[in-house]
Amino acid sequence: MKILIKNIKQLVQTEDIPKEKVIGKDMKSISCIANAWLAIEDDKIAGFGKMEDWEGISDWTNLTIIDATNKIVMPCFCDSHTHIVYAGSREGEFVDRINGLTYEQIFERGGGILNSSKKLQNASEEELVESALKRLHEIAMQGTGAVEIKSGYGLCVEAELKMLRVIKKLKTLSPLTIKATFLGAHAIPKEFQEARRKYIDLLINEMMPKIAEEKLADFCDVFCEQNYFTKEETIEILGHAKKHGMIPKVHAEQLSNYGGVLAGVEAGAISVDHLEYVGDKEIEALKNSKTMPTILPGAAFFLGLPLPPARKIIEAGLPLAVASDYNPGSSPSGNMNLMLSLCCIQYKMTPEEAINAATINSAYAMGLSKTHGSIAIGKQANIFITKEIPNYSFIPYSFGSNLVETVIIAGKVIA
Ligand code: NIG
Ligand code: FE
């Protein structure tokens, strides 16, 4: 299958020499070609350039030509943090919060993650696959081409394995690139509240070996937070995960400054996510690491949390990624266009910084920056074409709209 997209108004995020991530001041610029062409062969990007330099592809037969006059072409978004395998929904808690309860109070009453856990334990693998496939289709229509999906609503051996097997199935059924994360350390289940050590032992001694044996997870994540897991527990759990071939990630500093970033850096995490309560100490620690700081503006917006210091992180010379955190409790949206708008409007990131955060840097946060996150020859052909718009800044500017018109994933037009 060969596709030629011609007359592209702006081809965004092109790379001649691919890089693994964009850091600090460099995040302010993005390489673009005006009036461009892009060629795709099978599942890869085969070439791109200016229309005026177009020499044609003489030996191409069965070529599909797409005219992108007045339209923008971008690499698909990479969403490096989601929980899109879940059962039911939590709009009741949404209303409880409107009426004054906090996210923490809802958890203490047995709601929150524990509410989703009850629902997930009662759902069949088939139901979970079906509902997650709908969500994957929804985010693909909004321009997402690669997504990380976490377990963490199982919270017992059987249900955690069920979630991860569902994710494995999704990898075969969905055109999106999917990475799986084991998040058994998402909360201490009710029956272990008085015996947390036993639950941690269960994670380490029972769940991890089975996950490793069935090769069910690429990453392992821990929710490092008061009432969830301590810094020391986080380091310990991630240490064991590494021995089982899982790369660490951390839910860090979301509700308080609790040591998640420091734990992540110490464990060699590929990313630390949330960061609402990050301070100077954490920023310093990140400077000497390969860990990608990642903001999740959907969750901070939905829960009314203080905003992570995105500008301070970038100005410290660090990279920054953005992801949706799509989940039923703290961010019931996986719309990366909306995340771009929040980055620009609330976090004062420029459109260029936001696009770098949502493409190449979020690809890095899922170990995919060699193959995803930019327009470069040989990279996977995950791209989207917008409706007619004046330029890429129009995407975050038009908050709430979906300007994505055509989506190509692994070289196939899926919408
Ligand atoms: O990323 N912070 C912890 N975990 C999720 C929320 C999960 C939930 O409330 O269901 C998050 O915000
Ligand atoms: Fe999360």
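Please treat every number below as a calculation from the coordinates, not as lab data. Since this is a predicted model, take the numbers as computed values, not measurements. So basically every Cβ, Gly included, is an ideal-geometry build from the backbone, and we count neighbours across all protein chains shown.
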(request) Select from Glu138, Glu233, Glu108 the residue whose mean-square fluctuation is largest in a Gaussian network model of the chain (Cα-Cα springs shorter than 10 Å). (result) Glu108
(request) Return, ordered by residue number, the residues of region 208-226 whose backbone nitrogen is under 15 Å from a label point located 7 Å along Cα→Cβ of Glu125. (result) 211, 214-217
(message) Connecting C-alpha atoms closer than 10 Å in a GNM of the chain, tell me which of Ile17, Ile314, Ile204 has the biggest fluctuation.
(response) Ile17
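Efficiency by 1/(1 + (r/R0)^6): what FRET value for Lys168 and Thr69, r their Cβ-Cβ distance, R0 = 51 Å, to the nearest 0.05? Write down the numbers at each step before the final one.
Details: r = 42 Å, r/R0 = 0.81.
Here the calculated transfer efficiency is 0.75.
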(request) Rounded to whole Hz and in sequence order, give me ³J(HN,Hα) for region 397-410 from the Karplus expression 6.51 cos²θ - 1.76 cosθ + 1.60, θ = phi - 60°, writing x for Gly and Pro. (result) 4, 7, 4, x, 9, 10, 9, 6, 10, 10, 10, 10, 10, 6
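Which percent, nearest 5, of DSSP beta bridges in region 78-364 are antiparallel?
On the way: 1 of 27 bridges.
Roughly 5 percent of the beta bridges in region 78-364 run antiparallel, per DSSP.
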(request) Would you compute, from DSSP H runs of 4+ residues alone, the mean residue ellipticity of the chain at 222 nm, taking -39500 (n - 2.57) per run and dividing by the full residue count, rounded to the nearest 500? (result) -9000 deg cm²/dmol
(request) Over the chain, consider all pairs of different Cα atoms and compute the Kirkwood hydrodynamic radius from their mean reciprocal separation; express it in Å, one decimal. (result) 21.4
(request) Using only alpha carbon pairs under 8 Å that are at least six residues apart, calculate the relative contact order of the chain and give it in whole percent. (result) 22
(message) If I take R0 = 30 Å and measure r between the Cβ atoms of Lys134 and Lys50 in this structure, what FRET efficiency does the formula 1/(1 + (r/R0)^6) give, to the nearest 0.05?
(response) 0.15
(request) Kindly flag which residue pairs out of Lys168/Lys190; Lys119/Lys242; Lys2/Lys169; Lys290/Lys312; Lys134/Lys190 have an alpha-carbon separation exceeding 23 Å in this structure. (result) Lys168/Lys190; Lys119/Lys242; Lys2/Lys169; Lys134/Lys190
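Could you calculate the contour length gain from Arg311 to Trp60, that is, 0.36 nm times the residue separation minus the distance between their Cα atoms, to one decimal place in nm?
Details: separation 251, 0.36 × 251 = 90.36 nm, distance 4.66 nm.
The Arg311-Trp60 span can extend by a further 85.7 nm.
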(request) Can you grab the distance from the C-alpha centre of region 298-335 to the C-alpha centre of region 153-200, Å, no decimals? (result) 23
(message) Please list 3J(HN,Hα) in residue order for region 80-88, calculated via the Karplus relation 6.51 cos²θ - 1.76 cosθ + 1.60 where θ = phi - 60°; whole Hz, with x for glycine and proline.
(response) 8, 8, 9, 10, 7, 8, 8, 10, x
(request) Send over the semi-axes of region 289-415's equivalent ellipsoid, whole angstrom and largest first, taken as the square roots of 5 times the C-alpha gyration tensor eigenvalues. (result) 23, 18, 14
(request) Take the Cα coordinates of region 268-307, assign each an equal point scatterer, and use the Debye formula without solvent to give log10 I(q)/I(0) at q = 0.16, 0.31 Å⁻¹. (result) -0.42, -1.04
(message) If the elastic network links every pair of Cα atoms under 10 Å, which of Lys179, Lys171, Lys21 fluctuates the most in the Gaussian network model of the chain?
(response) Lys171
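Multiply the residue gap between Asn257 and Lys387 by 0.36 nm, knock off their C-alpha separation, and tell me the result in nm, one decimal place.
Difference between extended and current length: 42.6 nm.
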(message) Quick check: the angle from helix 231-243's long axis to the longest principal axis of the chain, C-alpha only, nearest 10 degrees?
(response) 60
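By how many nm would the segment from Glu284 to Ala195 lengthen if fully extended, with 0.36 nm per residue of separation less the alpha-carbon distance? Write down the numbers at each step before the final one.
Working: separation 89, 0.36 × 89 = 32.04 nm, distance 3.51 nm.
Difference between extended and current length: 28.5 nm.
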(message) From Cα pairs below 8 angstrom and at least 6 apart in sequence, can you work out the relative contact order of region 222-278, rounded to a whole percent?
(response) 37
(request) Determine the shape class of region 53-108: with a ≥ b ≥ c the square roots of the Cα gyration tensor eigenvalues, call it rounded for a/c under 1.5, and otherwise prolate if a/b is greater than b/c, oblate otherwise. (result) prolate
(request) For region 95-136 and region 1-78, compute the distance between their C-alpha centroids and round to whole Å. (result) 40
